[in-house]
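Presented below is the structure to which this report refers.
The values are calculated or read from the model by the stated rules, or taken from the named source; none is laboratory data. It should be emphasised that the depicted structure is a prediction, and the values quoted were computed from it without experimental measurement. Note that each Cβ is placed from the backbone with ideal geometry, even for glycine, and that neighbours are counted across all protein chains shown. Accessible surface areas use protein heavy atoms only, side chains included; no ligands, DNA or RNA. Shrake-Rupley method; radii C 1.70, N 1.55, O 1.52, S 1.80 Å.
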Amino acid sequence: MGGSGQSAVIYAKKIIVTKFGPPEVMQLVEESSLPEPKSGEVRVKVSKTSANFTDIMIRKGKYPDVKDKPPFSLGYDMIGVVDKPGKDVEEFHMGDKVADMTVIGAYSEYICLPAKKLTQLPDKIDDSEAVTLILSYMTAYQMLHRIAKITEGKSILIHGAGGAVGIAILQLGKLLNLKVYGTASKSKHDLVKKHGGIPIDYRNEDFEKRIQELTDGGVTSVHKGFTPSGFY
Ligand SMILES: NC(=O)c1ccc[n+]([C@@H]2O[C@H](COP(=O)([O-])OP(=O)(O)OC[C@H]3O[C@@H](n4cnc5c(N)ncnc54)[C@H](OP(=O)(O)O)[C@@H]3O)[C@@H](O)[C@H]2O)c1
């Protein structure tokens, strides 16, 4: 740039964890080159990622599905645009909007991902709204439809109903006209009610006894929107 004949250095930022531990282990680093997509991969410029409960568990080294040892970049999900398709990639082009469940790596400005894993999104979709669908809503959908195979009008109990996965189950449950009970701290009861749930203050009452009182012999299925740290 500027007629000097030298090309500008592009700095790509990412957040890495230097070791497992508290938020302080996260570090912003800058690299002076962009990752190059291999054959079958696509380089994506990330626009949105999120800070899920699961990212926290990975940061603490308590997530069994991540065997990588630090340093690595966190980031379970992302929305971005195709920045450079690699060799042999025909289905994606520069500027295509894409989503992926990366598990790790999305806290990066640029990431290379296998093209076959990516989902193409319509341009008009809002990136911030789209990113919420990837981990939390997919988890909620799988629990309701693939695991419990719940049907219209049944009753369910959600543990951690006031969390991200809990709210997603409440919203999807409404579409099926489910009767939804949810354990939650008192401060989240209005939120649970707003989404059509019947909250149970599990910190101050015996939720099993309460659910028996509220129902005729219990609910159809139980869903966990909460896993205690360390017992995942
Ligand atoms: N297997 C999968 O594919 C998958 C995908 C996504 C999430 N998950 C897991 O699902 C769980 C919920 O995720 P989320 O994103 O909904 O989390 P979240 O938004 O942080 O909500 C978790 C809820 O758990 C309750 N809780 C009870 N004890 C807690 C504690 N010690 N620390 C933090 N929260 C506590 C909190 O509600 P109260 O204050 O009402 O107790 C909170 O609302 C996590 O364990 C996550 O790892 C699994």
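Among LEU170, LEU28, LEU133, LEU34, the order of accessible area from largest down is LEU28, LEU133, LEU34, LEU170, computed with a 1.4 Å probe on protein heavy atoms. Under the combined filter of DSSP loop state and at most 13 neighbouring Cβ atoms within 10 Å, segment 87-166 retains these trypsin sites (Lys or Arg not before Pro): LYS87, LYS124, LYS149. In segment 12-125, the convex hull through the Cα atoms has an average projected area of 7.1 nm², a quarter of its surface area. In this structure segment 133-224 gives 56 Å² per residue of accessible area when probed at 1.4 Å with all protein chains present.
What a 1.4 Å probe finds exposed on the chain is 53% carbon and sulfur by accessible area, rounded to a whole percent. Using Cβ point charges alone (K and R +1, D and E -1), the dipole size of segment 86-211 about the Cα centre works out to roughly 720 debye. For the chain, averaging the sequence separation of C-alpha pairs within contact (under 8 Å, six or more residues apart) and dividing by the residue count gives a relative contact order of 16 percent. Here the contact order of segment 7-144, divided by its residue count and restricted to Cα pairs under 8 Å and six or more residues apart, works out to 28 percent.
In straight-distance terms, cross-link reach from LYS97 covers every one of the aspartates and glutamates whose alpha-carbon lies under 12 Å from its own, apart from those fewer than eight places away in the same chain; here that gives ASP83, ASP123, ASP126, ASP127.
Loop-only check: which GluC sites (Glu not before Pro) in segment 129-219 are DSSP coil with at most 15 other Cβ within 10 angstrom?
Answer by residue number: GLU152, GLU205.
With respect to the chain, whose longest principal axis is taken over its alpha-carbon atoms, helix 164-175 is tilted by about 60°. Measuring r between the beta carbons of ARG203 and ILE147 and using R0 = 30 Å, the FRET efficiency lands at 0.65. Segment 98-150 and segment 27-41 have Cα centres lying 21 Å from one another. Let me check I've understood the local charge: for ILE125, count other residues with C-beta under 14 angstrom from its C-beta, Lys and Arg +1, Asp and Glu -1. What total comes out? Result for the neighbourhood of ILE125: -2.
Just so you know, the averaged projected area of the alpha carbon convex hull for the chain sits at 16.4 nm². Applied to segment 188-197, the Karplus parametrisation 6.51 cos²θ - 1.76 cosθ + 1.60 on θ = phi - 60° returns per-residue 3J(HN,Hα) values of 9, 5, 5, 5, 4, 5, 4, 9, x, x Hz, with x for Gly and Pro.
Among the listed pairs LYS14/LYS193; LYS188/LYS209; LYS19/LYS174; LYS69/LYS193, those with a Cα-Cα distance over 30 Å are LYS14/LYS193; LYS19/LYS174; LYS69/LYS193. Taking a ≥ b ≥ c as the square roots of the Cα gyration tensor eigenvalues, segment 133-224 comes out oblate, since a/c reaches at least 1.5 and a/b does not exceed b/c.
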